[in-house]
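Chemist: Below you will find the structure I want to go over with you.
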Amino acid sequence: MARIYREHTSPLSTSTVSDGRYIYNGNVVSGQQAAAPSNEIRQNRKAVRRKHSTFNIVSGLFLLAALSLLYTGNVIAVNQLMKEVNDLDNRYNSIVSNTEVLKAEIARKSSLDRISLMAKEEVGLTNPKEPPVWFEVDQDKIEELTKK
């Protein structure tokens, strides 16, 4: 809407305003001249700038959506890695437990009491009553025997 300044009122200008016609730069719209042209230069009204443009708002929303997707993807990836680490930890603990069971079984089966008992009962071996005698063999005698 145009503003109407009534600094200089004249019968011609008041009639144009009441007729619904407006005056711009001192001229009458209908082609009639105003009685006293205004010496003032009217300034345009200052444009009101938006604080945030539509592009910035839409860009911010897309950035927020992208960041939330990245965050959600990161949370899902971390959860999968934690599940994998937990599964591997459980597998490691079961392997360690099996290893301990096998070590205990090896220690039980390789005990001297068990082996000596089996040797006496199954094979009929006995402990020697005399200590073993050590003797040395001459290398020359071994070579001589191998040549024959």
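None of the figures in this text is laboratory data; all of them are computed from the coordinates on show. Please read all numbers here as calculations on a predicted model, not as lab measurements.
Chemist: Over all distinct alpha-carbon pairs, what is the Kirkwood Rh of region 54-125 in angstrom? Intermediate values should be presented prior to the final figure.
Modeler: Values: mean 1/r = 0.0560 Å⁻¹.
Averaging 1/r across every pair of different Cα atoms and inverting gives 17.9 Å.
Chemist: How far, in nm, would the chain grow between MET118 and GLU40 when pulled straight, counting 0.36 nm per residue and subtracting the alpha carbon separation?
Modeler: On the way: separation 78, 0.36 × 78 = 28.08 nm, distance 12.80 nm.
Using 0.36 nm per residue and subtracting the Cα-Cα distance, I get 15.3 nm.
Chemist: What whole number of Å gives the distance from the Cα centroid of region 94-123 to the Cα centroid of region 39-72?
Modeler: Comparing the Cα centres of region 39-72 and region 94-123, I get a distance of 81 Å.
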